[in-house]
Amino acid sequence: MLDSLEPTIIIYEGENIPIKNLQGQEFMLAMTTAMPNCSKISKKDFAMDENKIKDNMLNRPLNPNNRCTSIISNTMLAHSMSATQNAELKYAYIPEDVSQVSLQGKHDLSTVKKIDMHGNEQRRTDRAIQNRTAKDLVNSTTEEHNETVLNGVYPIYILCFDKISDIAIQKYRMLKKQYAEQGIEQEIEILLVDGKDKYIPQIEEELEKNLDSINREMLETKTISLETLEKFFNIRESNITLQTIQAINSTSYRDELWNPEENTNKLNRLINMLELASEIVPKQYIKEISAQIDFLQERTDRNTLHGYRFYDHSYSESIDVKRLENIKKILAQRLGDRTEQGNKKVSENLLEANNGRG
């Protein structure tokens, strides 16, 4: 699909630079920053000096092996932090074969580089991993980004969000020359993703539509259908709680898009829906609601791997912990009622059986 995009030509220092624009189309890419380490660590490494960071990104040799990436799409922009937003430089890849993909996780795996016995650099992680399709990885992402390690790949795009940076054009020139000199039979292009005006509104519109439909159904019918339970609580691709978290995370890649007030509003709407569902959902489906509450409660703990770690932005404090606890009490009470009724029924059956023997 990206091959069919007609580039727009911009003039930069007297040179024609072709730019491909993604403005609402479906896409899926592997993305990474140009920094050698986690960008937040890199900021400290270079003493927050933007010029030093920029020079490092421009002059750092390109390593096609062990590229640590996030899979992003039109439904989940995900996040790979820039060391500096004034000199943002990201690469995008399209693996040609599954053998080029390893270490797939629906969250940050905290991989570390190690040298094997043959002197080759490898990435390792102590965290649980699972091989997943790219689509499944995107649909199940639980943090600001997922993690995939690519081997034997070169960037096909210099990736920019919302604006073309000078460093992106400079790196494009350098890689175009490098590819030609080294006989790398691959194009290098600049790809502009319109997140602010196209993709984020699309993501948020889909979330609003789904939250409205669930609430309307429950308020009008005083019940919740098995179809709705299955779609929005069981199926990963449309899970409403995960969808809400992903919509929030999709705004985390740029400071001016991060809006704590809007994030709180999204989370409150979600919790309102879960609270209503907890009171009317059939008892045999209480565990589905409870799982959503557990998921949100995990994200309120800033000392764990959820909610906040390396990132500049966190939504953990926007989650209403007291209301989550109240919903858990409602669910526990309803389960308790069922247990009491079940015990009563067992007692009646035993009494009836004993009377029968008598």
Verdict on residue 63 being at pLDDT below 85, surrounded by fewer than 23 Cβ atoms within 10 Å (Cβ to Cβ), in a helix (DSSP H, G or I) and not acidic (Asp, Glu): no
Subset of segment 135-169 (residues that are outside any loop (DSSP other than H, G, I, E, B), under 25 Å from residue 315 (Cβ atoms) and either touching a Gly at 6+ places or on another chain (Cβ under 7 Å) or open to solvent by 10 Å² or more (accessible area, probe 1.4 Å) (or both)): 135, 136, 139, 147, 161
Test result for residue 200, within 30 Å of residue 276 (Cβ to Cβ), in a helix (DSSP H, G or I) and either open to solvent by less than 80 Å² (accessible area, probe 1.4 Å) or hydrophobic (A, V, I, L, M, F, W, C) (or both): yes
Residue tally, condition in a helix (DSSP H, G or I) and either in contact (Cβ under 8 Å) with a residue 12 or more places away in the chain or touching a Pro at 6+ places or on another chain (Cβ under 7 Å) (or both), over segment 257-272: 11
Test: residue in segment 176-194 that is closer than 25 Å to residue 4 by Cα, of a type in the set (Phe, Trp, Tyr), at pLDDT 90 or above and assigned to a loop (DSSP other than H, G, I, E, B): no
Of the criteria (1) closer than 16 Å to residue 170 by Cβ; (2) at pLDDT below 80, which one residue 56 fails: (2)
Residue within segment 252-265 that is more than 22 Å from residue 74 (Cβ to Cβ) and open to solvent by less than 50 Å² (accessible area, probe 1.4 Å) present: yes
Check on residue 70, modelled with pLDDT under 85, of a type in the set (Gly, Ala, Ser) and closer than 22 Å to residue 156 by Cβ: no
Residue that is surrounded by the most Cβ atoms within 10 Å (Cβ to Cβ) [pool: residues in segment 1-31 that are among the aliphatic types (A, V, I, L, M) and in a loop (DSSP other than H, G, I, E, B)]: 5
One residue from 177, 222, 209, 231 being of a type in the set (D, E, K, R) and surrounded by 15 or more Cβ atoms within 10 Å (Cβ to Cβ): 231
Segment 25-36 residues that are free of Cβ contacts under 8 Å to residues at least 40 places away in the same chain, paired with ones that are among the charged types (D, E, K, R) (beta carbon under 9 Å, 6 or more apart): 36/45; 36/60
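The values are calculated or read from the model by the stated rules, or taken from the named source; none is laboratory data. Because the structure is a prediction, the values reported are computed rather than measured. Counting neighbours? That spans all protein chains shown, and the Cβs are built from the backbone with ideal geometry, glycine included. Ligands, DNA and RNA are excluded from the accessible area calculation, which covers all protein heavy atoms including side chains. Shrake-Rupley method; radii C 1.70, N 1.55, O 1.52, S 1.80 Å.
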